[in-house]
Amino acid sequence: MEALAALLEASALGQWARGSAVAYPVANVAHLLGLVLLVGGIGIVDLRLAGLWRAVPVEPLARALTPLAVTGLVLLAASGSVMFAADAGPMVSSNVFRAKMALIAVGLLHAVLFRRLWRGRMATWEADPPLAGRLMALGSLSIWLCVGALGRLIAYA
């Protein structure tokens, strides 16, 4: 893994990300925007699925906010790739970075599982969401908040 990280750092992308006065700062701001879109979008949906704001219909809310969350995830991946390329060597040896990557994988698997289990049944959650669905929604929110916290902690580890 270290050899791959060294290759990435030496690549044109890595050199550009490190050498440009604007590349890394812009990627960092884009990463923050991606996090806001992801957690803001999916967080509101997760809180609604967990039982808050029961007057708000679940399906239209999810249809409106899920694309924002997906856009945030794409922005996070793109901007994170630029930041990773700038400093890949130290990142692959960072326990905090590895924990963040593992938790992202858990979050993505959780989202796929959630969709498979509950697709088409969320319309019935208007009055009384099932306990398993509520717990999964709270788990989703917790996972993505922890991913964000780990991302911030990378600089201090």
Quick shape check on region 84-124: root eigenvalues a ≥ b ≥ c of the Cα gyration tensor, a/c under 1.5 is rounded, otherwise prolate if a/b tops b/c, else oblate, and it reads prolate
Length gained if LEU109 through ALA132 is fully extended, taking 0.36 nm per residue and subtracting the Cα-Cα distance, is 6.7 nm
Quick check: the angle from helix 95-118's long axis to the longest principal axis of the chain, C-alpha only, nearest 10 degrees? 30 degrees
Extension gain (nm, one decimal) between ALA123 and SER142, 0.36 nm per residue minus Cα-Cα: 4.5 nm
So how far, in whole Å, is the C-alpha centre of region 37-58 from the one of region 66-95? 25 Å
Which net charge results for the neighbourhood of GLY151, defined as the other residues with beta-carbon distances under 14 angstrom from its beta-carbon, given Lys and Arg at +1 and Asp and Glu at -1? +2
Can you give the alpha-carbon Rg of region 17-95 over 2.2 N^0.38 Å, where N counts its residues? 1.41
What order, most packed first, do the peptides 11-21, 132-142 have when packing is the mean number of other Cβ atoms within 10 Å of each residue? 132-142, 11-21
Using bins 5 angstrom wide from zero, how does P(r) for region 54-137 break down, in % of all Cα pairs? 3, 11, 16, 21, 15, 11, 9, 7, 5, 2, 0
For TRP53 and VAL22 in one chain, what is 0.36 nm times their gap in residues minus the Cα-Cα distance, to one decimal in nm? 7.0 nm
Quick one: compute the contact order of the chain, relative version, from alpha carbon pairs under 8 angstrom and 6+ residues apart, as a percent. 34 percent
Helix 58-86 against the longest principal axis of the chain: what's the angle in degrees, Cα atoms only, rounded to the nearest 10? 10 degrees
Using only the Cα atoms of region 1-144, what are the Rg and Dmax in Å? 18.1, 56
Determine, for TYR156, TYR24, the number of other Cβ atoms within 10 Å of each Cβ, and report the residues in order from fewest to most. TYR156, TYR24
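Computed from the coordinates by the stated procedures, all read-outs in this text should not be read as laboratory data. None of these values were measured; they are calculated from a predicted model. Cβ sites come from the backbone with ideal geometry, for glycine too, and all protein chains shown count toward neighbours.
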